[in-house]
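Notes for the one structure printed next.
The values are calculated or read from the model by the stated rules, or taken from the named source; none is laboratory data. Just so it is clear, the structure is predicted and the values come from calculations on it, not from any experiment. Because the Cβ atoms are built from the backbone with ideal geometry, glycine has one as well, and the counts that use them run over all protein chains shown. When the accessible area is computed, the model is the full protein with side chains, heavy atoms only, and any ligands, DNA or RNA have been set aside. Shrake-Rupley method; radii C 1.70, N 1.55, O 1.52, S 1.80 Å.
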Amino acid sequence: MEKRQQLYEGKAKKVFATDDPDYLIVEYKDDATAFNGVKRGMIRGKGAINNRMSNRLMQKLEAAGIPTHFVRELSDRETLVKSVEIIPLEVIVRNTSAGSFSQRYGVAEGIDFESPTVELSYKNDALGDPLINTDSAAALKLASRTEIALIRQYALRIDRELRRFWRICGVKLVDFKLEFGRLPDGEIILADEISPDTCRLWDAATGEKLDKDRFRRDLGGVEDAYREILRRMESHDA
Ligand code: UDP
């Protein structure tokens, strides 16, 4: 597959066309942003780590029967993916209170839930990604009710798979964000990435944060945390 013109540059990735309109190449960058782009920086080596990690996790999810956009890793930063129309919803699954959940509801971080929660946000930077429910998302035609129901089912199945995997690595999956896309035939598949940029991952024994909160909250050791999480993933990759 031949890499053609750049179509889009996001905060953490660039997207390129290929000679086949059904496929795109994503290229992961080391750039990091937080708080809707207000905080900017660089996490050295992040692009390669997130590329590898997201691809491994998507392959595991595929094996568990969840359709994803992953096709093939092309290089340390580049991956071939299926071209989809991104559904403008951020799908957030939480197992433990943290981040905006704790702020919104005035509760401490680290409270484990009896069952996971699924939240939807309207993916719209200008509006600050506001929370949205199924009725409003359907009214805005962001996705149909049937699609949203399927997305919620997938999100909970993905949570079960990822939690099991990270547990083996001694890592607690606190929360994470997913994005889904629509293939030309209407099939809904998992898109975007799954990485320490999009998940909260805490050391299961010590509670140490091994994710982007180290960058967001200026905790230091950001590169080391990303490397550590990849190392654990690869050493437990049975
Ligand atoms: N998240 C993300 N992109 C976003 C917003 C959230 O990847 O634009 C992830 C974030 O890393 C965390 C989870 O979704 O793992 C829940 O984030 P939260 O709503 O608590 O927002 P935050 O506190 O990160 O602003």
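Quick notes on this one:
- Residues that are more than 16 Å from the ligand (Cβ to nearest atom) and open to solvent by less than 40 Å² (accessible area, probe 1.4 Å) within segment 200-238 comprise Gly220, Leu230, Arg232, Met233, listed in sequence order.
- Candidates are the residues of segment 1-21 that are part of a loop (DSSP other than H, G, I, E, B) and without any contact (Cβ under 8 Å) to a residue 40 or more places away in the chain; the one that is nearest to Asp197 (Cα to Cα) is Lys11.
- Residue count for segment 64-99, restricted to those that are polar (S, T, N, Q) and farther than 23 Å from Gln153 by Cα: 2.
- Subset of segment 180-199 (residues that are within 16 Å of the ligand (Cβ to nearest atom) and either free of Cβ contacts under 8 Å to residues at least 40 places away in the same chain or on the phi > 0 side of the Ramachandran plot (or both)): Asp192, Thr198, Cys199
- Unique residue being touching an Asp or Glu at 6+ places or on another chain (Cβ under 8 Å), farther than 19 Å from Asp192 by Cβ and of a type in the set (Ser, Thr, Tyr) when the list is Thr117, Thr96: Thr96
- Residue in segment 144-153 that is within 14 Å of the ligand (Cβ to nearest atom) and polar (S, T, N, Q) present: no
- Complete set of residues in segment 22-44 that are touching a residue at least 24 places away in the same chain (Cβ under 8 Å) and hydroxyl-bearing (Ser, Thr, Tyr): Tyr23, Tyr28
- Note on segment 22-139: no enclosed helices (runs of 4 or more DSSP H) hold 1 or more residues that are modelled with pLDDT under 95, open to solvent by 70 Å² or more (accessible area, probe 1.4 Å) and within 16 Å of the ligand (Cβ to nearest atom).
- When Val171 is tested against the conditions (1) at pLDDT 95 or above; (2) open to solvent by 30 Å² or more (accessible area, probe 1.4 Å), the lone failure is (2).
- Top-ranked residue in segment 154-179 [being of a type in the set (Val, Ile, Thr) and part of a strand (DSSP E or B); ranked as farthest from the ligand (Cβ to nearest atom)]: Val171
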